[in-house]
Amino acid sequence: MEELNNMLKTANTNGWLRGFDVANDGRESLEVTHLQYADDTLIFCGGEEEQLRFLRVILVLFEGISGLHTNWRKSFLYPINDVHNMEALNIILGGQVGALPTTYLGMPLDAKSMSKEIWSNVLEKCEKKLARWKRQYLSLGGRVALINSVLDAMPTYMMSLSPIPVVVTDRLDRIRRKFLWQGNKDKKGYNLVKWNDLIIGKKYGGLGIKNLQNHSKALRMKWLWKYANDKHPLWRKVLKAKYEEENRWMTKEVISPYGVNLWRSIRALWDDFKIKTNIKVGNEEKTSFWGDDWHEMGILRNIYSNIHNLMLNQQRTIVRMWTLKTIADFLDTIGQFKGTQEGKDELWRQGSDRGTFRVGKAYRWLNNHNQQNVNWPLKTIWKVIIPYKMHFYEEQAEIVRNLFLHCKILCQLWRLFINLEGFSWTMPRKVIEALQSWEEVGVLARSRSRWRIIPYSIWWTIRKERNARCFENIENSI
């Protein structure tokens with residue numbers, strides 16, 4: 001395919017093929033004639049018959065040189081705006097005449113990114129998966145596992161570029177919520193826990209089910225990271241030519257209400273994104289001394305605004321602009337800088353040894369940074385080696401604390417295990433407090449891993465005993 005790439009470039013250089021100009025309002029323009037991915041090629045040209053004849057010649061020559069053949073049954077001509085001679089152009093080039101909007105490599109072309117129609121395929125796939133699963137008997141823990149591994153992942157490809165509309169999020173949440181609580185039952189299932197409490201991380205007391213809005217933001221932030229650190233990709237050059245750059249790291253904010261809002265939705269996340277990054281200074285002369293966050297103290301323009309103002313207005317007097325102490329502090333701050341390093345200037349994600357951006361960490365920050373339940377016993381619940389459905393059951397134990405903690409029969413089981421280890425222990429009022437206290441007491445236990453399993457075993461046993469007494473009229477003794 002490299003030969004075809006060179007032939008198309010040569011045709012554009014000689015004026016035989018004209019692509020489209022990204023910027024045509026006097027700024028530095030960029031002309032795009034074709035895009036290639038594996039054995040797929042997307043070619044842009046004018047609507048003149050002469051250009052189509054040149055393109056046909058190029059494709060015939062490429063077939064003769066490479067031995068590869070164009071599959072005309074899978075080739076389409078798409079008119080953009082008004083093209084009146086499509087039939088004549090189709091006779092010259094061959095293939096079929098298509099219509100926009102359409103899809104290419106699974107992504108919609110010439111469609112509004114917030115349109116519900118482009119998400120209909122994702123919704124249909126989720127519902128088909130759900131219909132197949134509903135024929136199987138799955139425990140509550142099994143349904144949570146399928147939601148986390150499959151249903152949460154299916155919209156990911158689309159969300160990596162397009163913001164997911166709220167109406168689509170509500171529909172997907174309704175699908176996941178119904179599958180979680182109803183399963184394969186014909187009658188309606190009752191929601192035992194608020195959905196917003198389930199779509200937070202396990203560390204904060206949730207089930208780790210994806211919050212799709214925050215997941216979409218984290219995926220699109222990846223493009224901000226790539227734009228700031230990768231100089232050569234064609235898509236970056238296109239965005240730079242179309243929107244111009246605000247600084248060396250990002251384009252100007254997109255405020256135009258016209259056109260596709262793809263980059264507008266991504267660029268709108270820049271303010272939230274940059275507060276979690278700083279700059280690693282290399283030898284690329286890309287970092288602004290005053291305006292970029294390269295120093296550990298922060299942006300120097302904000303810290304030493306008076307000195308910065310003096311640089312802008314050299315007629316200001318020293319008395320009005322600074323004091324000797326300010327000068328000393330400024331020089332001391334600059335003196336703390338360790339100097340430039342080998343390599344290019346790049347954004348550096350805070351809290352990471354390598355400084356690289358990770359979608360998963362961005363999602364956890366977006367989804368969990370304002371959660372208050374930071375003392376949730378994550379390890380005690382999710383790190384114990386027991387069946388997954390018992391993990392989930394432990395999560396719901398808080399709802400029925402009277403049964404699980406203060407039942408007279410259950411208290412006998414608690415005392416049985418406590419006496420075996422020779423400990424003294426008072427039962428707390430809440431499940432979360434009981435787990436935290438049990439973990440602290442377990443430091444002195446002979447086998448800590450077995451000690452952590454005891455609450456699960458007790459609660460699972462009492463649940464089975466309760467069901468046997470209520471539904472089967474069978475009673476077992478301790």
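Annotations for the structure displayed:
- Restricting attention to the stretch 70-92, the residues that are in contact with a helix residue (DSSP H, G or I) (Cβ under 6 Å, 6 or more places away or on another chain) and within 13 Å of Thr41 (Cβ to Cβ) add up to 1.
- Between Leu8, Leu35, Leu30, the distinction of being more than 20 Å from Gly98 (Cβ to Cβ) and touching a strand residue (DSSP E or B) at 6+ places or on another chain (Cβ under 6 Å) belongs to Leu8 only.
- Val167 falls short on exactly one of the conditions (1) out of contact with any Leu (no Cβ under 9 Å at 6 or more places or on another chain); (2) assigned to a loop (DSSP other than H, G, I, E, B), and that condition is (2).
- Test: residue in the stretch 182-197 that is of a type outside the set (Asp, Glu), modelled with pLDDT of 80 or more and in contact with a Leu (Cβ under 7 Å, 6 or more places away or on another chain): no
- Evaluation of Phe423 against the conditions (1) over 46 Å from the mean Cα position of the chain (by Cα); (2) surrounded by 15 or more Cβ atoms within 10 Å (Cβ to Cβ); (3) among the aromatic types (Phe, Trp, Tyr) shows that the sole unmet condition is (2).
- Filtered by the rule that a residue be among the charged types (D, E, K, R), assigned to a helix (DSSP H, G or I) and either free of Cβ contacts under 8 Å to residues at least 24 places away in the same chain or touching a Leu at 6+ places or on another chain (Cβ under 6 Å) (or both), the stretch 241-266 gives a lone residue, Arg264.
- Residue in the stretch 183-194 that is over 19 Å from Ile118 (Cβ atoms) and assigned to a helix (DSSP H, G or I) present: no
- Ala99 vs. criteria under 30 Å from Leu52 (Cα atoms), without any contact (Cβ under 8 Å) to a residue 60 or more places away in the chain, not in a loop (DSSP other than H, G, I, E, B) and not basic (Lys, Arg): no
- Inspection of the stretch 106-122 finds a residue satisfying the criterion of being more than 23 Å from Asp40 (Cα to Cα), free of Cβ contacts under 8 Å to residues at least 60 places away in the same chain and surrounded by 16 or more Cβ atoms within 10 Å (Cβ to Cβ).
- Residues of the stretch 434-465 classified as more than 18 Å from Leu416 (Cβ to Cβ), of a type outside the set (Gly, Ala, Ser) and either in contact (Cβ under 8 Å) with a residue 60 or more places away in the chain or not in a helix (DSSP H, G or I) (or both), total: 2
- Which listed residue is in a loop (DSSP other than H, G, I, E, B) and either surrounded by fewer than 18 Cβ atoms within 10 Å (Cβ to Cβ) or in contact (Cβ under 8 Å) with a residue 60 or more places away in the chain (or both), from Lys203, Lys210, Lys217, Lys226: Lys210
- Residue within the stretch 143-157 that is surrounded by 17 or more Cβ atoms within 10 Å (Cβ to Cβ), part of a strand (DSSP E or B) and of a type outside the set (Ser, Thr, Tyr) present: no
- Test: Leu59 is surrounded by 11 or more Cβ atoms within 10 Å (Cβ to Cβ), within 24 Å of Pro101 (Cβ to Cβ) and of a type outside the set (D, E, K, R): no
The values are calculated or read from the model by the stated rules, or taken from the named source; none is laboratory data. Please read all numbers here as calculations on a predicted model, not as lab measurements. Neighbour counts are summed over all protein chains in view; Cβ atoms, including those assigned to glycine, are modelled from backbone coordinates with ideal geometry.
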